[in-house]
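Engineer: I'd like to ask you about the structure that follows.
The values are calculated or read from the model by the stated rules, or taken from the named source; none is laboratory data. These numbers come from a predicted model, not from an experiment. Using ideal geometry, Cβ is built from the backbone for each residue, glycine included, and neighbour counts are taken over all protein chains shown. Quick note on the areas: whole protein, heavy atoms, side chains included, nothing else; ligands and nucleic acids left out. Shrake-Rupley method; radii C 1.70, N 1.55, O 1.52, S 1.80 Å.
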Amino acid sequence: QVQLVESGGGLVQPGGSLRLSCAASGSIFDMNAMGWYRQAPGKERELVASISSGGSTNYADSVKGRFTISRDNAKNTVYLQMNSLKPEDTAVYYCRGVIYGRYDGWGQGTQVTVSS
């Protein structure tokens, strides 16, 4: 089983930037899709951004134009570049990888706090 480990979270001021990384213990080349989700206190987990094996991306309306998802198959890593951060972006961010019918894995999460 491929393990996913997130890193890069932390405390940042409004308007700042962070880059999250999701490192896989095995190859992500076969992953049909990888995504970043977030869950704020008292709220349901929501999709933030996803990227397909072909590089197609999808974003939640709330982060379009501010966040960018990318994948580096050679490094078995998926990234989430987050710019112009807002307090409402505060949440635990989770990485997810999917191989249709075979694998659906999650990382342990990394905390992002946007506050002055």
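Engineer: Mind jotting down the distance between the C-alpha centroids of region 78-116 and region 1-72, whole Å?
Structural biologist: 4 Å
Engineer: Kirkwood Rh over alpha-carbon pairs of the chain, then Stokes-Einstein at 10 °C and 1.306 mPa s: what D in µm² s⁻¹, rounded to an integer?
Structural biologist: 113 µm²/s
Engineer: Under the definition of Cα pairs under 8 Å and six or more residues apart, what whole-number percent is the relative contact order of region 19-116?
Structural biologist: Relative contact order here is 31 percent.
Engineer: Gaussian network model of the chain, Cα springs within a sub-10 Å range: biggest mean-square fluctuation belongs to which of Lys43, Lys86, Lys75?
Structural biologist: Evaluated over the chain, the most mobile residue of the options is Lys43.
Engineer: Test of understanding: in a Gaussian network model of the chain with alpha carbons linked when under 10 Å, which of Leu80, Leu20, Leu11 would top the mean-square fluctuation ranking?
Structural biologist: Comparing Leu80, Leu20, Leu11 in the GNM, the peak value goes to Leu11.
Engineer: Hey, any idea what % of the chain's accessible area is carbon plus sulfur with a 1.4 Å probe?
Structural biologist: So the carbon and sulfur contribution to the accessible surface is 46 percent.
Engineer: Okay, next question. Of the residues Ser70, Ser17, Ser62, which exhibits the maximal mean-square fluctuation in a Gaussian network model of the chain defined by a 10 Å Cα contact cut-off?
Structural biologist: Fluctuation is largest for Ser62.
Engineer: With charges set only on the Cβ (+1 for Lys and Arg, -1 for Asp and Glu), what does the dipole of the chain come to about its Cα centre, in debye to the nearest 20?
Structural biologist: 120 debye
Engineer: Under a Cβ-Cβ cut-off of 12 Å, what is the net charge of the residues other than Ser53 that fall near it, where Lys and Arg count +1 and Asp and Glu count -1?
Structural biologist: Summing Lys/Arg as +1 and Asp/Glu as -1 gives 0.
Engineer: Skip the ligands, DNA and RNA, and give the accessible area per residue of the chain with a 1.4 Å probe, whole Å².
Structural biologist: 52 Å²
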